[in-house]
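S.K.: One structure is given below, represented as structure tokens, and several questions about it will come after.
The values are calculated or read from the model by the stated rules, or taken from the named source; none is laboratory data. What you see is a predicted model; the values in this text were computed from it and never measured. Ideal geometry is used to build each Cβ from the backbone, glycine not excepted, and the neighbour counts take in all protein chains shown.
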Amino acid sequence: MAAPYRLRGHKPTSGGAAAGILGPVVKTYRGATSGHVAVAAAPFVLLLAYGVWLQHQGRLMQWFNSTFSMGAVAALFVLSIALIVRTATGGGAEIIRLHVDGILDLRAGPRAVRWDEMEELTAVTAADGRGVWRHTLRTADGATLALGATIGQVEDLVEEIRLKMVEREVPAVRARIAAGDVVRFGAMAASAEGLVMGERVLPWSEVGELDAEAGEIVVKTAGGERWGVAKLDEVPNAFILAEMAQGRRG
């Protein structure tokens, strides 16, 4: 179902207001180090390239005989090394702040998202299907946040979100199933009878492991046989479904 059309856009949250909404800061996630090191190294690379060009023109020694040129080279060299070292040890700018009651996305807004506003976390696989490229977090108002490799320690951040969503959503899903609802997880669903894919139902007592393999979520029977397969990005909150299967099987 498409997100409802909103006449008014999301109102950005100031960093100061976030503390009142989300509570104290627990951890900060910065830009991935590798990309920022490459940017920091750019002046050094340009300096080397300029030196090669001067050597090719036969003017390198003439340039070095200038006191001003030597001073400029030395200053640029020291600045480049300092930038590389600082970036490698400290990472890039702040991107996400993890608070007690949610996260603050500093990339746009900034935007505060409480744990109870997080509805879907979906793993998006790489083009070659060999691994997860990023995660997409959908909030209660229909907005989406991309959590990918540009965030340092993004796996740790995703795990924090998963734990909070499991803590809140699993009891709610169990209550809905007990009331007779069929709870959908994209290409899969959970009902009182068992795990559902299309017209097929695998009773909970016969559900084995739900594993992620090569960009797919694979459902196995208690005997270890493959019962059903779907793409990871077609099963939002697949980790909650796996927790449900484990609990119902137990």
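S.K.: So in the stretch 143-178, with the set limited to residues that are of a type in the set (Gly, Ala, Ser) and out of contact with any helix residue (DSSP H, G or I) (no Cβ under 9 Å at 6 or more places or on another chain), which one is nearest to Lys27 (Cα to Cα)?
M.R.: Checking each candidate, the answer is Ala146.
S.K.: Any residue in the stretch 157-178 that is of a type outside the set (A, V, I, L, M), assigned to a loop (DSSP other than H, G, I, E, B), in the same structural domain as Asp128 (by TED's automatic domain parsing) and in contact (Cβ under 8 Å) with a residue 12 or more places away in the chain?
M.R.: Taking every residue of the stretch 157-178 in turn, none turns out to be of a type outside the set (A, V, I, L, M), assigned to a loop (DSSP other than H, G, I, E, B), in the same structural domain as Asp128 (by TED's automatic domain parsing) and in contact (Cβ under 8 Å) with a residue 12 or more places away in the chain.
S.K.: In addition: Kindly establish whether Ala178 is in contact with a Gly (Cβ under 9 Å, 6 or more places away or on another chain) and either modelled with pLDDT of 95 or more or farther than 26 Å from Asp101 by Cα (or both).
M.R.: For Ala178, the condition - in contact with a Gly (Cβ under 9 Å, 6 or more places away or on another chain) and either modelled with pLDDT of 95 or more or farther than 26 Å from Asp101 by Cα (or both) - is not met.
S.K.: Could you check, for the stretch 131-142, whether at least one of its residues is within 30 Å of Lys27 (Cα to Cα), of a type in the set (Val, Ile, Thr), touching a residue at least 24 places away in the same chain (Cβ under 8 Å) and part of a loop (DSSP other than H, G, I, E, B)?
M.R.: No, the conditions are met nowhere in the stretch 131-142.
S.K.: I've got another one for you. For Val196, state whether it is in contact (Cβ under 8 Å) with a residue 12 or more places away in the chain and not in a strand (DSSP E or B).
M.R.: No: the conditions fail for Val196.
S.K.: What about Glu213, is it farther than 30 Å from Arg107 by Cβ, touching a strand residue (DSSP E or B) at 6+ places or on another chain (Cβ under 6 Å) and acidic (Asp, Glu)?
M.R.: In short, no.
S.K.: Could I ask something else about it? Report the residue count in the stretch 202-215 for those that are surrounded by 17 or more Cβ atoms within 10 Å (Cβ to Cβ) and modelled with pLDDT under 95.
M.R.: 6
S.K.: I'd like the residue in the stretch 95-130 that is of a type in the set (A, V, I, L, M) and outside any strand (DSSP E or B) and, out of all such residues, is nearest to Glu167 (Cα to Cα).
M.R.: Val100
S.K.: A further question follows. Here's a check for you: in the stretch 150-175, which residue that is farther than 16 Å from Thr136 by Cα and either acidic (Asp, Glu) or in contact with a His (Cβ under 6 Å, 6 or more places away or on another chain) (or both) is surrounded by the most Cβ atoms within 10 Å (Cβ to Cβ)?
M.R.: Applying the filter and picking the extreme gives Glu169.
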